[in-house]
Amino acid sequence: MSGTEREETAGGPAVLEKHPRPEDPPERDPGTGGRRAHRFRSARRVPAALTALVLLAICGALLYDVVAVRSGRPAAEWRVRLADELATRPVDDPVILTGAAVAVLLGLWLLLLALTPGLRGLLPLRGKDPDLRVGIERSAVAHVVRDRAVRVAGVRSARVSVGRRRVRVTAETHFRDPEEVRAELRSALEESLDEIAFARPPALALRVRGSSGG
């Protein structure tokens, strides 16, 4: 049975999610020496439920009408009309082309949902337990990095953007040489990112700007 644990870190509203994944193959991550951490996948419950309900309604109506015909009752008017339309309309009819286009788009949408992981807000972390998956929300990472950045002397403000492969930090300095602040800030942020223990450590993109104000 899967479980979820959430923890608040001292640096900010970090959320750790742990999911048992006994079905994963025992791949090894050469960078960490542990199991390879894959991205979290969304359950896609709403699209799956909607697709199941639509198919259930269509198949149920068709099955009911077939059973009714087998029992000696006439076929439903909608099924007779549908069969007649499909038999008489040409393939290049606008209605047929529109219906085919809608079906293709819906099929591509379902394929996209099936092949993409989703849950882009969760980044995988290294974990010691092979049966648990650990992740942290991007917003929590941004909060921790921003909090660490403004603690560096000379940093007036900082903007942080966290992606899957890169953490971008733009810092504004005052009363100190920007180059000195850059070196100290980079060291502090790299240390902070190492402490988060990402399964796939993101690169740090740092930009330091001097402030004209006091």
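The values are calculated or read from the model by the stated rules, or taken from the named source; none is laboratory data. The model shown is predicted, which means the values in this text are computed figures rather than measured ones. Glycine also receives a Cβ, built like all others from the backbone with ideal geometry; neighbour counts cover every protein chain displayed. In case anyone asks, the SASA skips ligands and DNA or RNA and just uses the protein heavy atoms, side chains included. Shrake-Rupley method; radii C 1.70, N 1.55, O 1.52, S 1.80 Å.
With the structure loaded, tell me whether Ala188 is of a type in the set (Gly, Ala, Ser) and not in a loop (DSSP other than H, G, I, E, B) or whether it fails that test.
yes
Quick check on this structure: which one of Leu53, Leu123, Leu97, Leu110 is outside any helix (DSSP H, G or I) and within 36 Å of the chain's Cα centre (by Cα)?
On inspection, the qualifying residue turns out to be Leu123.
Go through (1) open to solvent by less than 80 Å² (accessible area, probe 1.4 Å); (2) farther than 30 Å from Arg148 by Cβ; (3) at pLDDT below 80 one by one and return the number of the condition Ala37 breaks.
The number of the failed condition is (2).
Taking only region 130-145 into account, find how many residues are touching a residue at least 40 places away in the same chain (Cβ under 8 Å) and not in a strand (DSSP E or B).
8
Taking the conditions exactly as written (touching a Ser or Thr at 6+ places or on another chain (Cβ under 6 Å) and at pLDDT 90 or above), does Arg146 satisfy them or not?
no
Kindly indicate which of Val67, Val104, Val80, Val91 is touching a Pro at 6+ places or on another chain (Cβ under 9 Å), over 30 Å from Leu193 (Cα atoms) and open to solvent by 70 Å² or more (accessible area, probe 1.4 Å).
Checking each option against the conditions leaves just Val80.
If a residue must be modelled with pLDDT under 90, among the small types (Gly, Ala, Ser) and either in contact with a helix residue (DSSP H, G or I) (Cβ under 6 Å, 6 or more places away or on another chain) or open to solvent by 80 Å² or more (accessible area, probe 1.4 Å) (or both), how many such residues does region 163-214 contain?
Count: 3.
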